[in-house]
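Here is the structure we will look at.
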Amino acid sequence: MANPRDNKPVIHTKKHIARLERERKQTRIILFSFIGIVVLIIGLLVYGYLDVKYFQARRAVATVGNVSITTGEWQARVRMERGRLINQMATYQQYAQVFGLDTTQQVQQLASQLSDSTSLGQSILDRMINEELIRQEAAKRGITASPEEIDKAIQESYRYYANGTPTPTITPTQVIFPTLSADTLKIVTITPTPTQFLTPTTAPTATQDPLASPTVTPTFEPTFTPGPTATVTPTSTPAPTATPYTLQGFQDQYKKGVDSLVQFGLTSDQVRKLYQTNVLRDKLLAIIAADTPRIQEQVWARQILVKDEAAAKLVEDRLAKGEDFTAVAKEVSIDTGSAPKGGDLGWFGKGVMIPEFETAAFSQKVGEIGAPVKSQFGYHIIQVLAHTNIPLDANGYEQARQQAFLDWLKTLRDEYKVKTYDIWQAIVPTDPSIPLTSQ
């Protein structure tokens, strides 16, 4: 028999209803909080992905006028340069294995460049700033690079000549023997060789301008050629000869070159833009360097390089007491390039040595031993042996033209309000890395 109480309606008190309502609110709060946390996590993950893939890549590492050089573009170029250096290192090692050549110095220099990621990143950033200055200045002057000119530049970089390979006119190197003054002859009795005069020894005081814009080499092929060099005699320039290198062959090689750069983050359009910039650079160079003098002031100097100021003071005291400069240099100089020659650096022009050294050398009088000059390499005690003005040979004149162009580019930085942002220093790519077999 059913209990009549079972059908009796449940009567909720106000207290019970309030408790149920609180429980429902707490449940909603917990649910909404959980959903909010999930949405926040997903949002952070999406933002992190977009930040890495897009936002960071679009941040400016430098600006030239109203144009930004983005992180993505710069990092791709750093990776491209690392790839080129690694490939060049492997080639030198192969030459050592196959031909038995001693390429240790070249390999070590390349390894040093790869290990110093900050310097490498800075040099690529400076190079990209120069490229943008060239593009903007060319546009300002109405200088353009036609598609045909760009195509020709690409083809020639791959040694493809549609009309046959031209043979350049050979210009014999002019050997110049400078006339030494009486003051110089009081100091030294042996004249430096013509090789010294035309190609001075600069290590470790030489400096390579990081702003140089070398020719683009997509296939990363170094120009090192082993074996003896044949003696070349001047000849007239013959008509172009037919080339066995076909158009299809060139196109296949170019595609491989572009594909090799895409892996570093460049696009085919960006690769073509590099060649366009080189064409514009050549046109601007012809204008800016048109008045480059064919006569250059050069200095013949020798140095004693030591690590610190205390060592420099000891060298000064020894020289002041009459000790022979050559003997002291051989004994204490840490410049392995010049110390065996008594500190002799040969002849050099401006733009070859680091600024501190150059300023001192060109300002000192013949025979004078100047006060120690501090640089990144240590302290230099310099003695100038001679000053002269010489006519430049073909190579020297081209170097002078390039230096004049680089100096001019530096003057444009203020005009175009160039700015760099230090964020790049923390994000310099270190890939591709040196293969273990290359280390």
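The values are calculated or read from the model by the stated rules, or taken from the named source; none is laboratory data. Only a predicted model underlies this, so the values are computations on that prediction, with no experimental measurement involved. Neighbour counts are summed over all protein chains in view; Cβ atoms, including those assigned to glycine, are modelled from backbone coordinates with ideal geometry.
Under the condition of being closer than 21 Å to E309 by Cα and either buried (at least 21 other Cβ atoms within 10 Å of the Cβ) or in contact with a Pro (Cβ under 7 Å, 6 or more places away or on another chain) (or both), the residues counted in the range 342-359 number 3.
Do the conditions hold for T277, that is, is it closer than 30 Å to A145 by Cα and part of a helix (DSSP H, G or I)? Here the answer is yes, as T277 does meet what is asked.
Within the range 430-439, the only residue that satisfies the criterion of being surrounded by 15 or more Cβ atoms within 10 Å (Cβ to Cβ) and either among the β-branched types (V, I, T) or modelled with pLDDT of 95 or more (or both) is I434. Evaluate the following for E148: is it out of contact with any Leu (no Cβ under 6 Å at 6 or more places or on another chain), surrounded by 12 or more Cβ atoms within 10 Å (Cβ to Cβ) and at pLDDT 95 or above? No.
Note on the range 1-116: enclosed helices (runs of 4 or more DSSP H) holding 3 or more residues that are of a type in the set (D, E, K, R) and either modelled with pLDDT of 80 or more or surrounded by fewer than 17 Cβ atoms within 10 Å (Cβ to Cβ) (or both) are 14-50, 71-99. Of all residue pairs spaced 6 or more apart or on separate chains, those with beta-carbon atoms under 6 Å, a first member in the range 68-94 that is on the phi < 0 side of the Ramachandran plot and a second member that is basic (K, R) and surrounded by fewer than 20 Cβ atoms within 10 Å (Cβ to Cβ) are T70/R58; T71/R59. Taking A327 as the residue in question, decide whether it is farther than 30 Å from D126 by Cβ and surrounded by 18 or more Cβ atoms within 10 Å (Cβ to Cβ). Spelling it out, it is not the case that A327 is farther than 30 Å from D126 by Cβ and surrounded by 18 or more Cβ atoms within 10 Å (Cβ to Cβ).
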